[in-house]
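S.K.: Below is one structure. I have some questions about it.
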Amino acid sequence: MIAYVYMLRCSDGSLYVGSTRLLQERVHQHQMGMGANYTRSRLPVELVWHEEHENPSHAFAREKQVQNWSRAKRLALIAGDYEGLPALAKKDFSRPGTADGSGPGDLTP
């Protein structure tokens, strides 16, 4: 049974990731305000990416994977920049400030 993972760009520029077996119907539901609570207050929405899977459980797993990605990585996926995806998955440990390079701060005693 075919299933889809999809990404919508909302009116505020945010990105919503979902999965469904009926892609066009689900996008229409989002557009009509009958989709997820998240998209209801961010209409209109635009389908910007989708991926087909042979199994709904695979589509759901992929949805969860993409939901955990950064905005930059999602935008690369939308643009089809598959070669750039691995680099966006790596943390930047070269930035000063914190042990993981994720933000400001000084860890010096």
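All of the numbers you see were taken from the coordinates with simple rules; none came from a lab. Since the model is a prediction, treat every value here as computed from it, not as a measurement. Cβ sites come from the backbone with ideal geometry, for glycine too, and all protein chains shown count toward neighbours.
S.K.: What nm distance separates the two modelled labels at residue 21 and residue 72, each placed 7 Å from Cα along Cα→Cβ?
M.R.: Each label point is offset 7 Å from its Cα along the Cβ direction, giving 3.9 nm.
S.K.: Computed on alpha carbon atoms, what radius of gyration and Dmax characterise segment 3-89, expressed in Å?
M.R.: Using the Cα atoms of segment 3-89, the pair Rg, Dmax is 12.6, 37 Å.
S.K.: Right, next: In percent, how large is the relative contact order of segment 3-89, given Cα pairs closer than 8 Å and 6 or more residues apart? Intermediate results must be reported in sequence, preceding the final value.
M.R.: Working: 124 pairs, mean separation 27.7, N = 87.
That works out to 32 percent.
S.K.: Using DSSP to call loops (not H, G, I, E or B), can you name the GluC sites (Glu not before Pro) in segment 49-88 whose Cβ has at most 14 other Cβ atoms within 10 angstrom? All intermediate terms of the calculation are to be shown ahead of the outcome.
M.R.: Details: sites: 51, 52, 54, 63, 83; in loops: 54.
When the GluC sites (Glu not before Pro) of segment 49-88 are filtered for loop state and at most 14 Cβ neighbours within 10 Å, 54 remain.
S.K.: In debye, nearest 20: dipole of segment 3-89 around its Cα centre with unit charges on the Cβ of K, R (+) and D, E (-)?
M.R.: Working: 10 positive and 9 negative charges, 68 e Å.
Using Cβ point charges on Lys, Arg, Asp and Glu, segment 3-89 gives about 320 debye.
S.K.: Still on this structure, I have one more. Please compute the length gained on full extension between residue 64 and residue 82, using 0.36 nm multiplied by the number of residues separating them and subtracting their Cα-Cα distance. Don't skip to the answer; put the middle values down first.
M.R.: On the way: separation 18, 0.36 × 18 = 6.48 nm, distance 1.83 nm.
Contour length minus the Cα-Cα distance gives 4.7 nm.
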